[in-house]
Structure formats: structure tokens, C-alpha cells
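Notes for the one structure printed next.
What follows is calculated from the coordinates using simple rules that are stated; it is not laboratory data. Because the structure is predicted, anything quoted here is derived from the model rather than measured. Every residue, glycine as well, gets a Cβ built from its backbone with ideal geometry; the counts of neighbours run over all protein chains shown.
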Amino acid sequence: MPQYLQAGLWGLLGGSALLLGAATAFLFRLPQRLVAAVMAVGAGVLISAVAFDLMDAAYKRGGFDSTALGFLAGAAAYTVANILISRRGAKHRKRSGANPSAALPPAAEGAGLAVAVGALLDGIPESVVIGVSLLEGAGVSLVTVAAVFLSNVPEGLSSASGMKAAGHKPAYIFGVWGAIAFASGLAAAFGNLA
């Protein structure tokens, strides 16, 4: 099997965790504290992978300038997307609504989609890294694939919970996550080819 197809399948595996999280949220009514705890674990896993695996590899291959520029460009892209999403109806997406005494607005229509856009923004570079890891000849970086997989489950879970609460149909929810999982596979294949 060509290496770029292997990369695409590894990227698809990492992205498929988004569907697993979405299915869990769709099938079960989970307490908000549990969803928050799962999100925290997923964020910790991803931060650890970035700090100990990806940033070190980027620094060794590209030096400080390229690594810093890539890090800042990613942070800027995420910040701009966050601002745009907030302005388009998902301003209160980070509020849990668990405090009944506080007059919180109902869940915004775009709250679940905001998390999905975030998953796409971080999923593409993660998948490119998976594809690039195959170029070293030692096989895929299982640490990176595991970190991506484990961080994607809570992203799919959280976002699908928000989409479900906003009244979206299953076809919409799974269509969004299926498209992002597919894009992750394509990004991994592209990372390997490029």
C-alpha cells in the first residue's frame, strides 16, 4: 500500500474518534460535569503530545524560527476563528448553563458548530503531522495518533452534546463529524505527499 494511503488511514483513524464522541453524546445523556472532565483529560493529552513530542520534533527539524512562526501562525488562525464564531452567535458557547440562579441565555445555535470548527482547525495540522511522521521510515508515530484519538473523543462528545441541545438532527451531527474525520484523513495523506 502506498505510504500516502497509509497516512490517510492513520489520519482517518484519529479523526474517527470524533464520530465515537459524537455517537456517545447522541446515544447517552451525560452530566455536564462528566463532559467537562472528559474535555479536560483530552486537552491535557493533546497539550502533552504537543509539548513533549511535536514541538521537540519541530524544533529539531526546523529550528527555533520556523517552529515559533508556525506556532504563532496557528495561534493567530485559531484566535481569528474564535472571534468570528463568537460574533456569529456562539458567544456563550463556553457557559455550561448549570447554575439555575444565573440568567444565562439558552444554548446558542452555533455553540456545537463552534467546537466543530475548533476541531477542524486543530485536526488538520494534527493529521498533517501524522502523515509526515511516516516519512521517517520507522512507521507512524503511535504517540501522535493516540494523542489525536484521545483528544478527539471529547471534542466530538462536547460538540455533539451542544448540537443535540440546539435541536440538530442526527444526519447533521454525524455529517459534520464525518466530514471532519474525512478531512483528517485527507490532511494526513497530504502531509505525507507534500
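What is the ratio of the Cα radius of gyration of the chain to 2.2 N^0.38 Å, where N is its residue count, to two decimals?
The reported ratio for this selection is 1.05.
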- Rounded to the nearest 500 deg cm²/dmol, what is the calculated helix-only ellipticity per residue at 222 nm for the chain, with -39500 (n - 2.57) per DSSP H run of length n ≥ 4? -26500 deg cm²/dmol
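Name the shape class, rounded, prolate or oblate, that the alpha-carbon gyration tensor gives for the range 1-93, where a ≥ b ≥ c are the square roots of its eigenvalues, rounded holds for a/c under 1.5, and otherwise prolate holds if a/b is larger than b/c and oblate otherwise.
It is oblate, given that a/c is not under 1.5 and a/b is not larger than b/c.
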- Amide N proximity, the range 172-194 versus SER66 label position 7 Å along Cα-to-Cβ, cut-off under 20 Å: 188-194
- Query: Exactly which chymotrypsin sites (Phe, Trp or Tyr not before Pro) in the range 1-90 are in a DSSP loop and have at most 12 other Cβ atoms within 10 Å?
  - Reply: PHE28
- One finds the C-alpha centres of the range 146-180 and the range 1-47 to be spaced, in Å, by 9
